[in-house]
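Q: Provided herewith is a single structure, encoded as structure tokens, for subsequent inquiry.
A short reminder: the numbers here are calculations on the coordinates, not readings from a lab. These figures come from a predicted structure and were not determined experimentally. Cβ: placed from backbone, ideal geometry, glycine included. Neighbour counts: every protein chain shown.
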Amino acid sequence: MKETLLAARGVSHAFAGTPVLTAVDLALRPGQLLLVVGPNGSGKTTLVRILAGVLAARSGEIELAERPLSAYTRREVARRLAVVPQEMLVPFPYRVREMVAMGRAPFLGALGREGPRDREVVERALASLGLTLLAERIFLTLSAGEKQRVVLARALAQESPLLLLDEPTAHMDLGHRVHTFEWLRAWIAAKPLERGVLLVTHDLLLAVRFADAVVLLDRGRVVAQGEPCEVLTPERIGAVYGVDTTVTEDEAGRPLIVAVRSRIRYPEPSDGSNL
């Protein structure tokens, strides 16, 4: 069994000379739900793009299944790693089923024809995220939360053992958000020696509830990583996010993060006369 499914080794990057990631190290292990958290501008999306091979890091290395990512072809990467980006531009009026079927592309032959098994996988992915009744809807007509579920279903249709998700629940309502995390845990548990999920989120409450490990980023650097309760302490949350919190427990003894007050201060609101 591989020790790591995906790893970043000393990854640094900059845009126009401005550092956005500095010496980032992390590792996703089999059977693990690893969450990457941090405030806006901390480099989370850039890290996802580098991990997926969409963006080349200025320095450092990405390893997929303990081999350099650069050693794989794009098709080989797609068979091992499925990505759900934060936003997806879809210029054509594809139906939901067609969108999900795009996840089968790494497995289709030269003519791109789907076989019975491809169609079976697509239907299963649709059902997994409650999208069967929306299968013939035009993707562009869906709500933001429904679109996120479709893009996640497309990733599931790839049948890759590793999911790389950039804020996949940001636009979902509370019920679908919690269900998505529950489903991901069950998906990993079905094949714990093979599967893993790296997920970017702003939801610290769900992070401590569902994650096996958390990586906390701030201004492109890893502040801390490890078990959620050890990483997401009131002191660290205050320093990184600028908000005072308390940590309590629910009836099952699981930690609950409660925001008390923000340390961020904007100018006092005016009556608009001098705006």
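Q: For helix 174-190, what angle does its Cα long axis make with the longest principal axis of the chain, in degrees from 0 to 90 and rounded to 10?
A: Helix 174-190 sits roughly 60 degrees off the main axis of the chain.
Q: Right, another one. Normalised by the empirical 2.2 N^0.38 Å for globular proteins, what value does the Cα Rg of segment 6-225 take?
A: Ratio of Cα Rg to 2.2 N^0.38 Å: 1.00.
Q: Another question about this same structure. Which chymotrypsin sites (Phe, Trp or Tyr not before Pro) does segment 65-128 hold that lie in a coil by DSSP with at most 16 other beta carbons within 10 Å?
A: Sparse-neighbourhood loop chymotrypsin sites (Phe, Trp or Tyr not before Pro): TYR94.
Q: Let me ask something additional. Taking the 0 to 90 degree range and rounding to the nearest ten, how far is the long axis of helix 116-128 tilted relative to the main principal axis of the chain, both from C-alpha atoms?
A: With rounding to tens, the tilt is 30 degrees.
Q: So if I take the alpha carbon set of segment 145-275, get Rg, then get Rh from the Kirkwood formula, what is the Rg over Rh ratio?
A: Result: Rg/Rh = 1.05.
Q: Taking 7 Å along the Cα-to-C-beta vector as the label spot, tell me the TYR266-ILE138 distance in nanometres, rounded to one decimal.
A: 3.6 nm
Q: Return the long-range amide H neighbours of ARG95 (sequence gap of 5 or more, or a different chain), with a cut-off of under 5 Å between placed amide H atoms.
A: Those qualifying (amide H under 5 Å, at least 5 residues apart or on another chain) are PHE139.
Q: Starting from the amide H of ALA224, placed 1.01 Å from N in the peptide plane, find each other amide H under 5 Å away whose residue is 5 or more places distant or on another chain.
A: Amide H neighbours of ALA224: LEU216.
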